[in-house]
Amino acid sequence: MSSSSPSSALADPLAAPGLVPFADLTVEVGAPIEIGAVAAGFRRVIPIIGGTCAGRDWKARVVPGGADFQLIASPTMARLEARYVLETEAGEFIYVHNDAVRTAPPELMARLVCGEAVDPRQVYFRCVPRFECAAPALAWIGERVFLGTGLRRPSEVVMRFFEVN
């Protein structure tokens, strides 16, 4: 049987995890490459051309050359899969694979797809970034789960990542 004391609640191995801020990113994007209507929706590829990242105790730049592979699955939802590289100030590389869901009313989604600015409070944008890094000091990030929030601006995507603890 479980007790309701505060100490037993803290010791609960199935307690809801907390979120610890990990990094803020601003990812600069280029003009979309529209593949067109495919079986699952409307496919587009958004080139990643640069950006910045500020982590807990580190900073990095977004290396040009990645992309966000988007599937507009319905008038209200897009599935996003971004793959890109960060280079820390120490010259270490971090591979990022970020899966996201972005939903909004159809009129707002249409404006986002056209590259227009919309009120980010009216858009649900959540992501699950995964990281790979060979640098010993950052290798631990490949062994954790992260969640994030984001917002889309006409020429950039702004995200905040949290470590799930």
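Worth pointing out:
- Which listed residue, of Val123, Val96, is among the hydrophobic types (A, V, I, L, M, F, W, C) and within 20 Å of Gly55 (Cβ to Cβ): Val96
- None of Arg111, Arg102, Arg83, Arg121 is of a type in the set (Lys, Arg) and in contact with a helix residue (DSSP H, G or I) (Cβ under 9 Å, 6 or more places away or on another chain) except Arg102.
- Residues located in region 55-96, provided they are β-branched (Val, Ile, Thr) and closer than 17 Å to Gly142 by Cβ: Val85, Thr88, Ile94, Val96
- Number of positions in region 109-165 that are free of Cβ contacts under 8 Å to residues at least 40 places away in the same chain and over 23 Å from Glu92 (Cβ atoms): 19
- When region 109-134 is filtered for residues that are farther than 21 Å from Ala67 by Cα, surrounded by 14 or more Cβ atoms within 10 Å (Cβ to Cβ) and at pLDDT below 95, the ones remaining, listed by number, are Val118, Pro120.
- Failed item, numbered, when Glu34 is tested on (1) of a type in the set (D, E, K, R); (2) over 21 Å from Tyr124 (Cα atoms); (3) in contact with a helix residue (DSSP H, G or I) (Cβ under 9 Å, 6 or more places away or on another chain): (3)
- The set of residues from region 135-152 being crowded, with 16+ Cβ neighbours inside 10 Å and charged (D, E, K, R) comprises just one member, Arg152.
- Wholly enclosed strands (runs of 3 or more DSSP E) of region 77-165 bearing at least 3 residues touching an Asp or Glu at 6+ places or on another chain (Cβ under 9 Å): 77-88, 93-103, 124-133, 156-164
- Verdict on Ser74 being in contact (Cβ under 8 Å) with a residue 60 or more places away in the chain, closer than 28 Å to Ile35 by Cα and among the hydroxyl-bearing types (Ser, Thr, Tyr): no
The values are calculated or read from the model by the stated rules, or taken from the named source; none is laboratory data. Since this is a predicted model, take the numbers as computed values, not measurements. Virtual Cβ from ideal backbone geometry, glycine too; neighbours counted across all protein chains shown.
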